[in-house]
Structure formats: structure tokens, C-alpha cells
Amino acid sequence: MSRPYVQNGLSNKMLEVMSWGLMEAMTAENDCNQHIRRFLNILLGDDPDTAHLELIDNYNVQEAALYDQLLQLVHESLSRSDEFLYRMSESRDRIALVIEQKSQLKHHLDKIANSSASTKRS
């Protein structure tokens, strides 16, 4: 590992920074996702705290149509949020794998360099 660019590449902490940033983004998105889920439960009448409230007049056709559109939009939003969380999680897992491989490579190259140095001294 006498080449500086190899040492710099293996010592660079950018992957760790990216992994940390993804984790923070996932935490924020998960918080948003939980709010969307709660809102959906309230709209569907599945939330125990608000189940007794009548949020919509089912006899008003116009209001019912808007309610259906709102439900569709909330479902789409939740689906997109779930997909986004999945993609970020997959990305973070792959970055973690690369970090582990980088660490193993550095360890392997250090071993080779040490054995090479001890052979030259002999």
C-alpha cells in the first residue's frame, strides 16, 4: 500500500457519511410515513381515537366523490413513501456491504505489505 491514491481510497470515509445520511433520511421519511398511515386510518374510520367522528356525509354525492379522491391520493402517497423507504434501505445495505468489502481489502493489503516488508528484511 505504498501508493497514496490506494491509501486515500481505502481511508476515505465518504461511504460512511453516505450511509449515515441515508439513515437520517430514512428516519425522517419513516416519521412522515407514520403520519400518512395515521391520516389514512382516520379517513377510513379505523383509528380508535377518532372512530366516533363522522368525517363525511355519505349522502352527499359530491362530498363522497371528493372523499374517494382523497383516499386515492393518500394511498398513492403511502405507496410512494413505502417504495422510497425500501429503495433507501436497499441502498444503505449495499453501501454497508461495500464498506465491509473495503475494510477486508485494506486488511488483506496490509497483510501483504507486512509480509513483503518482512521478506525484504530477511
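The values are calculated or read from the model by the stated rules, or taken from the named source; none is laboratory data. Because the structure is predicted, anything quoted here is derived from the model rather than measured. Virtual Cβ from ideal backbone geometry, glycine too; neighbours counted across all protein chains shown. Areas reflect the complete protein model, heavy atoms only, side chains present, ligands, DNA and RNA absent. Shrake-Rupley method; radii C 1.70, N 1.55, O 1.52, S 1.80 Å.
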Area accessible to solvent at I99, 1.4 Å probe radius, in Å²: 40
Over the chain: Kirkwood hydrodynamic radius from C-alpha pairwise inverse distances, Å: 19.0
Spin-label pair S79/N12, simplified geometry with 7 Å Cα→Cβ offset, distance in nm: 3.9
At most 15 other Cβ within 10 Å, DSSP loop - trypsin sites (Lys or Arg not before Pro), the range 11-115: K13
C-alpha long axis of helix 14-44 to longest principal axis of the chain, angle in °: 10
Dipole of the chain [Lys/Arg +1, Asp/Glu -1 at C-beta], most positive-end residue of L22, Y59, V98: V98
Charge context of I99, other residues only, Cβ under 13 angstrom, K/R +1, D/E -1: +2
Selected from E16, E90, E63 as most flexible by GNM, with the chain as the system and alpha-carbon contacts under 10 Å: E63
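What is the extension gain from L70 to M23, computed as 0.36 nm multiplied by their sequence separation minus the C-alpha to C-alpha distance, in nm to one decimal? Please list the in-between numbers first.
Values: separation 47, 0.36 × 47 = 16.92 nm, distance 3.04 nm.
Gain on extension, L70 to M23, equals 13.9 nm.
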Charged-residue dipole, Cβ positions (Lys, Arg, Asp, Glu), the chain about Cα centre, Debye nearest 20: 1860
